[in-house]
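The values are calculated or read from the model by the stated rules, or taken from the named source; none is laboratory data. For clarity, every value in this text was computed on a predicted model and none was experimentally measured. Quick reminder, even Gly has a Cβ in these numbers, built from the backbone with ideal geometry, and neighbours come from all protein chains shown. Ligands, DNA and RNA are excluded from the accessible area calculation, which covers all protein heavy atoms including side chains. Shrake-Rupley method; radii C 1.70, N 1.55, O 1.52, S 1.80 Å.
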Amino acid sequence: QEELDAASKAVEIAISAVRLLEEESLEELRLAEAAPSEGCREAVEACAVILGVKPSFQDAQARLMPKEGAFRERLLGFEQAAVAPAARTRLRKFLATAADAPAPSGKAAAARGMEAVVAALRQWALALLRHKAAAEEAEMAREQGACTPAMQAACECLCDLHGMHNVE
């Protein structure tokens, strides 16, 4: 439960980061002919996987950013419990490189704006994936603790009746 609480807090922080992004930087991303950087492409594609869109930069632009402000609205409106079960598997490489992601540097204002977008998108995607994993762990722990001694005895009796001895 502690891990789930920490993951929920991380999602709240990531949502705040998305909320604070400059509209000009998001508009630049929306209108870009190609991904401004490899990190930007990876972050947008990770968001696309979580949002259920084909994970390519161009498809994400077309479907998630059709008009000004649409991408932010989509990210902010996404229900954290709606992360697809296959998202973690599809984003294994993204998760593996998350620790290696460069921190934003102090370049020109436009670069800082795009670096802030990339950082916020990565933070959002990673927080949602972490929350999904923590929620699955919490559910598994709940299910394991839900078996009462009476239920355990009943299961053992059924196993004995069907000749399945030594089954736990």
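At-a-glance table
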| item | result |
| --- | --- |
| Residue within region 51-63 that is open to solvent by 40 Å² or more (accessible area, probe 1.4 Å) and either on the phi > 0 side of the Ramachandran plot or touching a strand residue (DSSP E or B) at 6+ places or on another chain (Cβ under 9 Å) (or both) present | yes |
| Matching entry among 114, 140 (being modelled with pLDDT of 80 or more and either crowded, with 16+ Cβ neighbours inside 10 Å or touching a Pro at 6+ places or on another chain (Cβ under 8 Å) (or both)) | 114 |
| Meets criteria (at positive phi, under 16 Å from the mean Cα position of the chain (by Cα) and of a type in the set (Gly, Ala, Ser)) for residue 77 | no |
| All positions within region 71-110 that are modelled with pLDDT under 70, part of a loop (DSSP other than H, G, I, E, B) and not polar (S, T, N, Q) | 101, 102, 103, 104, 106, 107, 108 |
| Subset of region 19-43 (residues that are within 21 Å of residue 129 (Cα to Cα) and surrounded by 20 or more Cβ atoms within 10 Å (Cβ to Cβ)) | 40, 42, 43 |
| Filter pass, residue 74 being open to solvent by 40 Å² or more (accessible area, probe 1.4 Å) and under 21 Å from residue 90 (Cα atoms) | yes |
| Check on residue 75, over 30 Å from residue 138 (Cα atoms) and either touching a residue at least 12 places away in the same chain (Cβ under 8 Å) or in contact with a Leu (Cβ under 7 Å, 6 or more places away or on another chain) (or both) | no |
| Residue count, region 143-152 (criterion: assigned to a helix (DSSP H, G or I) and loosely packed, with under 10 Cβ neighbours inside 10 Å) | 5 |
| Scan of region 19-42 for residues that are under 19 Å from the mean Cα position of the chain (by Cα) and either modelled with pLDDT of 95 or more or basic (Lys, Arg) (or both), ordered by number | 19, 41 |
